[in-house]
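Student: Before anything else, here's the structure in question.
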Amino acid sequence: MATAEQLTAIKGGTIASLPPQATVLEAAQLMNDRHIGSVLVTEGNQLVGIFTERDVMRRVVADQRDPATTTVADVMTSPVACAAPHTTLDEIRTVMRDKRIRHVPVVNGGGVLGMISLGDLNKAEHDGQVETIRYLEQYMSVA
């Protein structure tokens, strides 16, 4: 069964993060530029929170806060539900479903290894199904 570490290695890429004193406007611009739904909030190597599209809607727009002056520290989600490198993708999917979240950082010893989104899980499941179908088709064509 695939693990969080394996999926983050396949994904590669950089992790979007900002310091707690960054503004909501800066976070929204970063999310728009990278076409992502969340950014990690870090102090040095330490994960201190996550800022998501849901945080924008609930804690900024609905509360009529000014995104240019509101810091992500004031509206981020903390503590953050995280996965260890050995966590299976099924376990991550269960956490996402139960907590009604769409992004889970993968951390090891306080350092962030990567981020797994619901879309990443869906793609991994699809790819696994395609591989199984190919295997079964090959098996049946030989028989």
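Student: Relative to the longest principal Cα axis of the chain, at what angle does helix 24-34 sit, 0 to 90 degrees, rounded to 10?
Tutor: That works out to roughly 30 degrees.
Student: Okay, next question. So what is the calculated 222 nm ellipticity per residue for the chain, using -39500 (n - 2.57) for each DSSP H run with n of 4 or more, over all residues, to the nearest 500 deg cm²/dmol?
Tutor: That calculation yields -12500 deg cm²/dmol at 222 nm.
Student: Please find, in a Gaussian network model of the chain (springs between Cα atoms separated by less than 10 Å), the residue of LEU47, LEU89, LEU25 whose mean-square fluctuation is greatest.
Tutor: Largest GNM mean-square fluctuation: LEU25.
Student: Which of the following values of log10 I(q)/I(0) by the Debye sum over Cα atoms at q = 0.10, 0.16, 0.20 Å⁻¹ was calculated from the structure shown: (1) -0.53, -0.88, -1.17; (2) -0.39, -0.84, -1.19; (3) -0.83, -1.14, -1.21?
Tutor: (2)
Student: THR87: net charge of surrounding residues, Cβ under 11 Å, Lys/Arg +1, Asp/Glu -1, itself excluded?
Tutor: -2
Student: Say the dipole of segment 16-142 comes from +1 at the beta carbon of Lys and Arg and -1 at that of Asp and Glu; which of LEU113, THR42, MET57 then lies farthest toward its positive end?
Tutor: MET57
Student: Quick check for you: which residues of segment 1-24 have the amide N under 13 Å from the point 7 Å beyond the Cα of HIS86 toward its beta carbon?
Tutor: Once the point is set 7 Å along Cα→Cβ of HIS86, 3-5 turn out to lie under 13 Å by backbone N, inside segment 1-24.
The numbers here are math on the coordinates, done by the rules we state, and not lab data. On a predicted model such as this, the values are computed, not experimentally measured, just so you know. As a convention, Cβ positions derive from the backbone with ideal geometry for all residues, glycine included, and neighbour counts pool all protein chains shown.
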